[in-house]
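Presented below is the structure to which this report refers.
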Amino acid sequence: MSKKMKSIVNWKNLDGEFSNFNNRKPTKWAFIEELLDKDFYEKLYETYPKLDDSWDIQEGGQYGRLSYRKFWKRDEARYFSDGSEREHVVIQEDDSRYSESWNEFMKILWSKEFVSKLSEMTGFEQLNLKHMNFMYAKKNGFQNTHIHNASDKTLIVFVYFSKNWKKGDPGGTFLSDGIDFDAKGEKPGDSKIIFEPHNLDNTSLIVLDGPYTAHGMRKITKDVERRGIQVTFEPFNTKDGWYSDNGKTVLEPLEL
Amino acid sequence: MVKMNYSFELSCDKDKFFHVLTDYQNLVEYMPRQLQKIEILEKQDRHTIIESTIFLRSIIKKQFSQRLKIDVESENKILLEILDGVAKGTQSTISIILDDEKTVCNIDTNVKLSLKAAILYPIIKKEYAGFLTKVSRKIMENINE
């Protein structure tokens, strides 16, 4: 590990959450405070992409939500040969739309060292970075409780870049014990929140996907910016492809 | 050949809906951006031949065009047939009927693909209803505005 990489991530803080991650059931999760070195975090904070027309608005959809996303360089979505839709996969290269610091941070996220650390934490071999997007929400933003269940080895890493977050304020990704929790607070439900980040300033929530991983974002009621990224890791090898693709082959565009 | 059906209840004026469907050149407004252009090649009374230019980057490498024959059989029924290209021989019937006091639009299609493009059957099957839902909603929303 290079000296720089060693100093950018607070590996100790990450290591300290290994046992919490593995002992939590049925959803495995960990919350890491001060994930990044303060100076480096400041650079990412200062150059976090501004909300503009280049962001995709996420409105309605399968689960119901109002938020914004902007993606790292990624491949064509395409289809699998059984006709099912395939999601874009990140291209592990520099993206000139973003600052030097963000490009440096991405290199860390897909680095052998960082991925090995996640493998050590989860016990999953051959982890690799699959998706990355900036996620932004403001007043009235929300995301209804939902479960991806892409696979039992898909790891979702949220990193937050919002300062002065007031404890108890909605906006962090909550985990709940079921999908019957109304993120907008308009309807009663049987499910309750098991965790919601109280600090969104240089923190990270790491969650293992699966059939019980219900999560969402309560409706933001204040005039604030919830800034973060969502990164997904999954086992990958050139023979079988991505773990959650279940061996499906990607349909290459036809030459007619 | 694969048969596909899609039905939905019309939530707008039937005649206006029918008018949008038969205003071929302006149909592009309601279609996904992959349908780039519609050109009328021939028009005789209720019989029209159009050429549509399509770019489905994720499944076909290059932009392609295909001719479609459209027959407006009545005020409630339109017959379509693709005349060339990989889907030559594909036929569709759009009919509007009154069903239990509801006005329902049925879109029945027999999809025919060339051997080279047969691999696309599962995609078309999965996307058929979703595509038509989006387009029909857009038309109805526009009419009701």
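The values are calculated or read from the model by the stated rules, or taken from the named source; none is laboratory data. Keep in mind the model is a prediction, meaning the values are calculated, not measured. Please note: Cβ atoms are built from the backbone with ideal geometry, for glycine as well, and neighbour counts cover all protein chains shown.
Quick one: which residue in B:D84, B:D71 is modelled with pLDDT of 90 or more and part of a strand (DSSP E or B)?
Step by step, each of B:D84, B:D71 is checked, and only B:D71 is modelled with pLDDT of 90 or more and part of a strand (DSSP E or B).
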Margin query: Can you find, within the range A:28-60, the residue that is farthest from A:H146 (Cα to Cα) among those that are of a type in the set (G, A, S) and assigned to a loop (DSSP other than H, G, I, E, B)?
Written below: A:S54
Notebook entry, point to check: Being at pLDDT below 95, more than 30 Å from A:F18 (Cβ to Cβ) and touching a Lys or Arg at 6+ places or on another chain (Cβ under 8 Å), is that true of even one residue in the range A:87-94?
Noted result: yes
Next item on the list: Might you let me know whether the range B:68-81 holds any residue that is surrounded by 14 or more Cβ atoms within 10 Å (Cβ to Cβ), within 14 Å of chain A (Cβ to nearest Cβ) and not small (G, A, S)?
Entry: no
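Within the range B:106-123, can you find the residues that are within 8 Å of another protein chain (Cβ to nearest Cβ) and closer than 13 Å to B:I60 by Cα?
The answer is B:K116, B:A117, B:I119, B:L120, B:I123.
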Checklist line | Among the candidates A:T203, A:T249, residue that is over 16 Å from A:T27 (Cα atoms) and within 14 Å of chain B (Cβ to nearest Cβ) | finding: A:T249
Check: If you scan the range B:40-64, which residues turn out to be within 14 Å of chain A (Cβ to nearest Cβ), more than 15 Å from the chain's Cα centre (by Cα) and more than 17 Å from B:I123 (Cβ to Cβ)?
Finding: B:K62, B:Q63
Next item on the list: List every residue pair whose Cβ atoms lie under 8 Å apart, where the two residues are 6 or more positions apart in sequence or sit on different chains, the first residue falls within the range A:82-102 and is within 14 Å of chain B (Cβ to nearest Cβ), and the second residue, located anywhere, is acidic (D, E) and part of a loop (DSSP other than H, G, I, E, B).
Entry: A:H88/A:D75; A:H88/A:E76; A:V89/A:D75
Item checked: Test: residue in the range A:61-78 that is touching a residue at least 60 places away in the same chain (Cβ under 8 Å), touching a helix residue (DSSP H, G or I) at 6+ places or on another chain (Cβ under 8 Å) and part of a loop (DSSP other than H, G, I, E, B) -> yes
